Amino acid sequence: MRMISNVGTGVVGAPACGDLMKLQVKFDGSGKIVDARFKTFGCGSAIPASSLATEWVKGKSMEEVLTIKNSQIAKHLFLPPVKLHCSMLAEDAIKAAVKDYQKKQGEANGETFEA
Amino acid sequence: MASKAIFSTLRRSLTKPHGGAVSRRHHLSTTSAATASEPYPGDEHAIVMKGVRISGRPLYLDMQSTTPLDPRVFDAMNASSIYDYGNPHSRTHLYGWEAENAVEVARIQVAKLIGASPKEIVFLSGATEANNTVVKGVMHFYKDKKRHVITTQTEHKCVLDSCRHLQQEGRPRVRLEPLMNGGGQERGLRSGTLATQQVVGFGVACELAMKEMEYDEKWIKRLQERLLNGVREKLDGVVVNGSLESRYAGNLNLSFAYVEGESLLMGLKEVAVSSGSACTSASLEPSYVLRALGVDEDMAHTSIRFGIGRFTTEEEIDKAVELTVKQVEKLREMSPLYEMVKEGIDIKNIQWSQH
């Protein structure tokens, strides 16, 4: 899946911190996300945060998903203050996945993409 | 010991599910273990609390947090609560004398268990107060002469260390400044009227511990091995935290690689256990005890502590194994770390993007 050019993969976090999220988004030809998957090593807030991220990005365009904020994720899940960093990580994961897709697109088009 | 089996059963039949209704089928045990193979119609035993729904009371495997009360200790405390209502420090009447007697009997029972003299036993409200009293009390008393306290990284009770340290220097009696001032009870070391029935219970518990220690140790060790082997049969990447040989058998602290502790705890809602992961502590730091034992940070996040006790049954252990294996497998399916390991990537050498 990592090799396919219409799928962007973002990996954020660190095992030493107890949180690692991997988010994958699949784009169709028109720049819309048609599928998203996650794998997370993390607590009872990190896992749902990344799961929610995969639900929210489906059917949206790249520009739209980059506007998803951690505060929206935290509010939807009623995360307590001590778990807010989990929603932050989920926002980062979305951005990382999109960035990876853009990089692949750039390479496919023979350009070097500078973020 | 047949009496233990009876007390095990008795204790369980006294703890009913919150729903109130007790099914005849379940009267001997209301834990998930016994009901595993019998799916009951409807959900009349379901418990809903704090937004969590579970099918029955969880198995209790958190003995390092608290332990259930031995019914024999309860009997002694019950009787004492009703009859020993005199103040054990009242010198002037029979009620006081009887209460004082009960306290002194308990003092001897406690002393016998640890090979001390009854004169060396001071009753306070618990371990925290005892630690505070000894560490602060000894240091305050000797503040002009000695200012050094030695402890270990895994220790959070400096009690015996401080006293032993000073005793080794030829002092036959260790003196300390009391933390609680007042009527001078417990030879001035801890003022406050003693709760007679609590002290009586403590004494009986110590006497029972002394009598049954060998048997309890064998039983608990057997269950510990059953738990560890059961889990290792089905899962790889299971690490025992701490020495397996120099260990209290009732504590089995395991790390399940690639799976985070809090998420495992939440999946194990039918088993009551604890975790050393950062997320389960108030400070968001993984357990300092595990770190001191040399456990890597990422493994500290994956730790689960199983506590086994006198009344734990083989059924409970088997059920805990089954539930744990199932949850770990499910979480590993969801774990990017497990995926990487399966693909042959060396996760110790990756540069993670920290934030």
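Structure notes:
- Among the residues of segment A:6-52, those that are under 13 Å from the mean Cα position of the chain (by Cα), more than 14 Å from chain B (Cβ to nearest Cβ) and among the charged types (D, E, K, R) comprise A:26, A:35.
- Residue in segment B:209-228 that is outside any helix (DSSP H, G or I), of a type in the set (A, V, I, L, M, F, W, C), touching a Phe, Trp or Tyr at 6+ places or on another chain (Cβ under 9 Å) and closer than 18 Å to residue B:67 by Cα present: no
- Residue check for residue B:192: outside any helix (DSSP H, G or I), away from every other protein chain (no Cβ under 14 Å), at positive phi and touching an Asp or Glu at 6+ places or on another chain (Cβ under 9 Å): yes
- Tally, over segment B:236-276, of residues that are of a type in the set (D, E, K, R), within 11 Å of chain A (Cβ to nearest Cβ) and within 25 Å of residue B:222 (Cβ to Cβ): 0
All of the numbers you see were taken from the coordinates with simple rules; none came from a lab. What you see is a predicted model, and the numbers here were worked out from it, not measured in a lab. Glycine also receives a Cβ, built like all others from the backbone with ideal geometry; neighbour counts cover every protein chain displayed.
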